[in-house]
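Taking it in order: structure first as structure tokens, then the write-up.
The values are calculated or read from the model by the stated rules, or taken from the named source; none is laboratory data. Because the structure is a prediction, the values reported are computed rather than measured. Note that we place each Cβ from the backbone using ideal geometry, even for glycine, and neighbour counts take in every protein chain shown. All accessible areas refer to the heavy atoms of the entire protein, side chains included, with ligands and DNA or RNA removed. Shrake-Rupley method; radii C 1.70, N 1.55, O 1.52, S 1.80 Å.
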Amino acid sequence: MAVKAKQLISDLKNGLWQENPIIRLVIGMCPTLAVTNTTENGLAMGLATSFVLIASEIVISLIKKLIPANVRIPSYILIIATFVTFVDYFLKAFFPGIAESLSIFVPLIVVNCLILGRQEAFASKNPTRRAIADGVGMGLGFTWVLVVLGAIREFFGMGSIFGFTLLGEWYRPMVIMVLPAGAFITLGILVGIMNYISREGK
Amino acid sequence: MEEFTQILLLFISTVLINNFILVRFLGICPFLGVSKQVETAFSMGLATTFVMTLTAAATWLINTFILEALNLPFLQYVSFIIVIASLVQFVEMFIKKTSPVLYKALGIFLPLITTNCAIMGLALLIPLNGYSFIASVVFGFGAGVGFTLAIVLMAGLREKLEFGDVPGVLKGVPVTLIIAGIMAMAFMGFSGLISM
């Protein structure tokens, strides 16, 4: 039992740093860049993606033996699309403001390579418990990078974090940070810093 | 004539002003993954343009005559992704049969297109913007041309970068992202070109 618990924890930690989907695997880039103009949007996107990831990993790891190998990719996409529709309607009903600002990037979770990639690489081969641990780890790994990226861009671009103004009137916002160009450059520098940190560790 | 001008403006604005990659952030994965060589980048762009134009037509028809007519908007995502996946499969078989040379050139890129979020994004943007059938097809084609333009430019820059002296930690993905940022700044210059 102790061995199993250890395994679950290592599955969980895997996504946070070692195989972080954005920093290490460089997948799921479209939402990463598009919705991180504010911290709130980054958090909402991270949580929405995590939910779809965890839910579809659970379902797929449960029914993996029933899916014929030839049609597995379409079946995965159908399961994912169902959960995405669920999240989309939930956001539209309870958080219309967030749904508005994320716009088409909520439905685009369907084609996020992170989700399909994890089904193919992990959920289809491992028991449900490990799939949940992997989903939570990967989801959190994705979410924290989105939140950090959103916070940096919002701080420099608008002088606030989560909508709270931190810098006073004197601050002239760097508008470039909330525009597309700022997204690319911030993420580029962030990945560079992460590379530097993990190289130091070795 | 009025309509023709509108369509032309839509095309230009889709290619340059609202470039799918650099302004809308759609299709970043192939943009980073398949932009090491100009030649392969061009093939990828060609394949994507082809599928995008067809997707625009197919999803417009399905959305208008099936989903809206029968009031089934909640099936939109599921049906779009199936249409795209089967369309890619169909295009692959068709090209294989009719033009083996083109098939060889596009070969490995075709299956990758299914999970390219630019295609799904295109399918979702069309009902959102309420385009007519012709406008949708032009929008799809323009999106493909814009995609090709960005990815080929990027590949050209990256080929030159091979000889550059990039700091170790920035090699690979980070420097590519920073270049993309500078390209996005350049594309911002187009933003005042047409007011729609």
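State whether the residues of segment A:159-179 include one that is of a type in the set (Val, Ile, Thr), at pLDDT 90 or above and assigned to a helix (DSSP H, G or I). It would help to see each step written out before you state the result.
Of the residues in segment A:159-179, the ones of a type in the set (Val, Ile, Thr) are A:161, A:165, A:175-176, A:178.
The next check asks that each one be at pLDDT 90 or above; those that pass are none.
No.
Restricting to segment A:12-47, name every residue that is open to solvent by less than 10 Å² (accessible area, probe 1.4 Å) and assigned to a helix (DSSP H, G or I).
Within segment A:12-47, A:GLY15, A:MET29, A:CYS30, A:THR32, A:LEU33, A:THR39, A:GLY42, A:MET45, A:GLY46 qualify.
Are any residues in segment B:148-179 within 13 Å of another protein chain (Cβ to nearest Cβ), assigned to a helix (DSSP H, G or I) and not aliphatic (A, V, I, L, M), and if so, which ones?
Across segment B:148-179, the qualifying residues are B:GLY168, B:PRO174, B:THR176.
Would you say A:SER124 is in contact with a helix residue (DSSP H, G or I) (Cβ under 7 Å, 6 or more places away or on another chain), more than 14 Å from chain B (Cβ to nearest Cβ) and free of Cβ contacts under 8 Å to residues at least 24 places away in the same chain?
Values: in contact with a helix residue (DSSP H, G or I) (Cβ under 7 Å, 6 or more places away or on another chain): yes; more than 14 Å from chain B (Cβ to nearest Cβ): yes; free of Cβ contacts under 8 Å to residues at least 24 places away in the same chain: no.
No.
Out of the residues in segment A:70-84 that are among the hydroxyl-bearing types (Ser, Thr, Tyr) and touching a Ser or Thr at 6+ places or on another chain (Cβ under 9 Å), which is surrounded by the fewest Cβ atoms within 10 Å (Cβ to Cβ)?
A:THR82
Can you find, within segment A:163-185, the residue that is nearest to A:ARG24 (Cα to Cα) among those that are in contact (Cβ under 8 Å) with a residue 40 or more places away in the chain and not aromatic (Phe, Trp, Tyr)? So that I can check it myself, show each step before the final result.
From segment A:163-185, those in contact (Cβ under 8 Å) with a residue 40 or more places away in the chain are A:163, A:178, A:180, A:183-184; that's our starting set.
Okay, now just the ones that are also not aromatic (Phe, Trp, Tyr), so A:163, A:178, A:180, A:183.
Values: A:GLY163: 29, A:VAL178: 24, A:PRO180: 22, A:ALA183: 18 Å.
Ranking the candidates gives A:ALA183 first.
Out of all the residues in segment A:17-37, which are aliphatic (A, V, I, L, M), more than 7 Å from chain B (Cβ to nearest Cβ) and more than 17 Å from B:VAL175 (Cα to Cα)?
A:VAL35
Quick check on this structure: which one of B:LEU67, B:LEU22, B:LEU106 is surrounded by fewer than 20 Cβ atoms within 10 Å (Cβ to Cβ) and either more than 30 Å from A:PHE184 (Cα to Cα) or touching a residue at least 24 places away in the same chain (Cβ under 8 Å) (or both)?
On the way: B:LEU22 fails: surrounded by fewer than 20 Cβ atoms within 10 Å (Cβ to Cβ); B:LEU106 fails: surrounded by fewer than 20 Cβ atoms within 10 Å (Cβ to Cβ).
Just one listed residue meets the conditions, B:LEU67.
Identify all residues within segment A:2-39 that are among the β-branched types (Val, Ile, Thr) and more than 13 Å from the chain's Cα centre (by Cα); write none if there are none. Walk me through it before giving the result.
Initially, segment A:2-39 is screened for residues among the β-branched types (Val, Ile, Thr), giving A:3, A:9, A:22-23, A:26-27, A:32, A:35-36, A:38-39.
Correct list: A:VAL3, A:ILE9, A:THR38, A:THR39.
Anything in segment B:86-97 that is within 13 Å of chain A (Cβ to nearest Cβ) and open to solvent by 40 Å² or more (accessible area, probe 1.4 Å)? List them, or say none.
Matches in segment B:86-97: B:SER86, B:GLN89.
Answer yes or no as to whether A:GLY117 is away from every other protein chain (no Cβ under 14 Å) and either among the aliphatic types (A, V, I, L, M) or assigned to a helix (DSSP H, G or I) (or both).
Numbers: away from every other protein chain (no Cβ under 14 Å): no; either among the aliphatic types (A, V, I, L, M) or assigned to a helix (DSSP H, G or I) (or both): yes.
Judged against the criteria, A:GLY117 is not a match.
Only residues that are touching a helix residue (DSSP H, G or I) at 6+ places or on another chain (Cβ under 8 Å), more than 18 Å from A:THR36 (Cβ to Cβ) and open to solvent by 30 Å² or more (accessible area, probe 1.4 Å): list them for segment A:87-107, please.
A:TYR89, A:LYS92
When you scan segment A:60-69, do you find a residue that is within 13 Å of chain B (Cβ to nearest Cβ), buried (at least 23 other Cβ atoms within 10 Å of the Cβ), in a helix (DSSP H, G or I) and modelled with pLDDT of 90 or more, even just one? Outline the logic, then answer.
Step one: list which residues in segment A:60-69 are within 13 Å of chain B (Cβ to nearest Cβ), which gives none.
Within segment A:60-69, none of the residues are within 13 Å of chain B (Cβ to nearest Cβ), buried (at least 23 other Cβ atoms within 10 Å of the Cβ), in a helix (DSSP H, G or I) and modelled with pLDDT of 90 or more.
Kindly indicate the residue of segment A:186-197 that is open to solvent by less than 40 Å² (accessible area, probe 1.4 Å) and within 7 Å of chain B (Cβ to nearest Cβ) and also farthest from the chain's Cα centre (by Cα) among those meeting that condition. Don't jump to the end; show me each part of the working.
The first filter runs over segment A:186-197 and keeps only residues open to solvent by less than 40 Å² (accessible area, probe 1.4 Å), leaving A:186-188, A:190-192, A:194.
Now narrow it down to the ones that are within 7 Å of chain B (Cβ to nearest Cβ): A:187-188, A:191-192.
On the way: A:LEU187: 14, A:GLY188: 17, A:VAL191: 15, A:GLY192: 19 Å.
This residue is A:GLY192.
Mind counting the residues in segment B:109-136 that are out of contact with any Ser or Thr (no Cβ under 6 Å at 6 or more places or on another chain), in contact (Cβ under 8 Å) with a residue 12 or more places away in the chain and farther than 21 Å from B:GLN89 by Cβ?
Number satisfying all stated conditions: 7.
Condition first: open to solvent by 40 Å² or more (accessible area, probe 1.4 Å) and away from chain A (no Cβ under 11 Å). Now tell me which residues in segment B:70-85 satisfy that.
B:LEU70, B:ASN71, B:LEU72
Condition first: over 12 Å from the mean Cα position of the chain (by Cα) and assigned to a helix (DSSP H, G or I). Now tell me which residues in segment A:120-147 satisfy that. First the steps, then the outcome.
At the first step, the residues of segment A:120-147 found to be over 12 Å from the mean Cα position of the chain (by Cα) are A:120-134.
Of everything in segment A:120-147, those that are over 12 Å from the mean Cα position of the chain (by Cα) and assigned to a helix (DSSP H, G or I) turn out to be A:GLU120, A:ALA121, A:PHE122, A:ALA123, A:THR128, A:ARG129, A:ARG130, A:ALA131, A:ILE132, A:ALA133, A:ASP134.
So, A:VAL110, is that one open to solvent by less than 10 Å² (accessible area, probe 1.4 Å), out of contact with any His (no Cβ under 9 Å at 6 or more places or on another chain) and among the hydrophobic types (A, V, I, L, M, F, W, C) or not? Walk me through it before giving the result.
Working: open to solvent by less than 10 Å² (accessible area, probe 1.4 Å): yes; out of contact with any His (no Cβ under 9 Å at 6 or more places or on another chain): yes; among the hydrophobic types (A, V, I, L, M, F, W, C): yes.
Yes; evaluated as a whole, the condition is true for this residue.
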